[in-house]
1. Between residue 107 and residue 201, take the C-beta separation as r, use R0 = 22 Å, and let me know the FRET efficiency to the nearest 0.05.
2. Please name which of 159, 186, 36 has its Cα lying farthest along the dipole of the chain towards the positive end, using unit charges on Cβ (Lys, Arg +1; Asp, Glu -1) and the Cα centre as origin.
3. Compute the accessible area per residue over the chain, keeping the other protein chains in place, probe 1.4 Å, unit Å².
4. Would you kindly state how much longer the chain becomes between residue 57 and residue 179 on full extension, computed as 0.36 nm times their sequence separation minus their alpha carbon distance, in nm to one decimal?
5. Distance from the Cα centre of the stretch 74-143 to that of the stretch 16-47, in angstrom?
6. Using a probe of 1.4 angstrom, how much of the accessible area of the chain is carbon and sulfur, in percent?
7. Roughly how many debye, to the nearest 20, is the charge dipole of the chain about its Cα centre, given +1 on each Lys and Arg Cβ, -1 on each Asp and Glu Cβ, and no other charges?
8. Can you give the Kirkwood hydrodynamic radius of the stretch 5-236 from its Cα pairs, in Å with one decimal?
Amino acid sequence: MAAGTVLITGVKSGIGLEFARQFAERDWSVIATHYSEQPPEPVVQAMERYTGIRYEQLDISDSAAITDYAAALTGQAIDVLINNAAIAYDGSASGIELQSFGHVDPATFHRMYAVNVLGPLLLTQELSANLRLGQHKKVICISSTNGSLTAPLPGQSINYKASKAALNRAMICVAEALAEDGIAVALLHPGAVFTEKNAEHGAGTYPGMIGTEFSVTSMMGVIERLTIEQSGKFFNYDGGFAPW
Ligand SMILES: NC(=O)c1ccc[n+]([C@@H]2O[C@H](COP(=O)([O-])OP(=O)(O)OC[C@H]3O[C@@H](n4cnc5c(N)ncnc54)[C@H](OP(=O)(O)O)[C@@H]3O)[C@@H](O)[C@H]2O)c1
């Protein structure tokens, strides 16, 4: 894939940070974003290694901040937008307590929807003019088979599962809306990935768990091969279709 400009949300850790590294390694200009005012330490380290990474503050749970941020980028071409940021855990020790039936916490639910669904939707809407200026014209939304209705995973992370199902449906609408501009929109399941945060929450033992670098390298291939004809589809990290 010829180099261009990629904007990635939620780059402090895990998959987003690895995307920033791998695009920079391929000589892309990387706009790496996170809600912190100052770049988090892992991003500072990545910027020391790759001059192509620039850090910008963007809290995708803040609708007004998204609008202001997009206004500041007026006229800047964005080739690929990666809606990566999301919340999976609720802050409790188990990580799913406040999402379990019988204990569903409204504040946690709303917070997850703001970050996992509304944020990517609004950001894509606000940056659509920038994407039209780009050469590659791709929007990648990191989803999860936790949102699959036809092959539901067991477990009680209700908010997270519902938010990914909602993200999937919303982005099919976005794909339809952006098709006439030649902008391809894809949902992408990264696999069960052994990130820092999964390790921290003791979620490192799922069968078939894969490394962050391998997941992102595989997804880079899917992004490169994505065509407008495939817009609105849900892919697994290995390029196969993920179940809706
Ligand atoms: N890891 C897996 O096994 C797996 C499986 C399926 C799907 N996914 C999806 O893959 C994506 C990346 O997840 P990950 O595993 O790499 O998790 P992660 O390490 O927690 O990365 C998520 C990033 O989003 C950031 N973030 C949270 N709220 C934000 C906000 N309001 N604005 C901007 N950034 C925000 C987080 O920052 P803080 O940590 O500072 O809050 C973090 O840097 C997510 O969409 C996730 O749902 C992951």
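1. Details: r = 20 Å, r/R0 = 0.89.
The pair residue 107/residue 201 has a calculated efficiency of 0.65.
2. So the residue we want is 186.
3. Values: 11060 Å² over 244 residues.
It amounts to 45 Å² per residue over the chain.
4. On the way: separation 122, 0.36 × 122 = 43.92 nm, distance 2.93 nm.
Full extension from residue 57 to residue 179 adds 41.0 nm.
5. 17
6. Values: 6040 of 11060 Å².
Taking all protein chains in place, the chain shows 55 percent carbon and sulfur surface.
7. Numbers: 15 positive and 24 negative charges, 92 e Å.
For the chain, the charge dipole is close to 440 debye.
8. Details: mean 1/r = 0.0562 Å⁻¹.
Answer for the stretch 5-236: a Kirkwood hydrodynamic radius of 17.8 Å.
The values are calculated or read from the model by the stated rules, or taken from the named source; none is laboratory data. Just so it is clear, the model here is predicted, and its values are computed rather than measured. Every residue, glycine among them, receives a Cβ derived from its backbone with ideal geometry; neighbour counts consider all protein chains shown. In case anyone asks, the SASA skips ligands and DNA or RNA and just uses the protein heavy atoms, side chains included. Shrake-Rupley method; radii C 1.70, N 1.55, O 1.52, S 1.80 Å.
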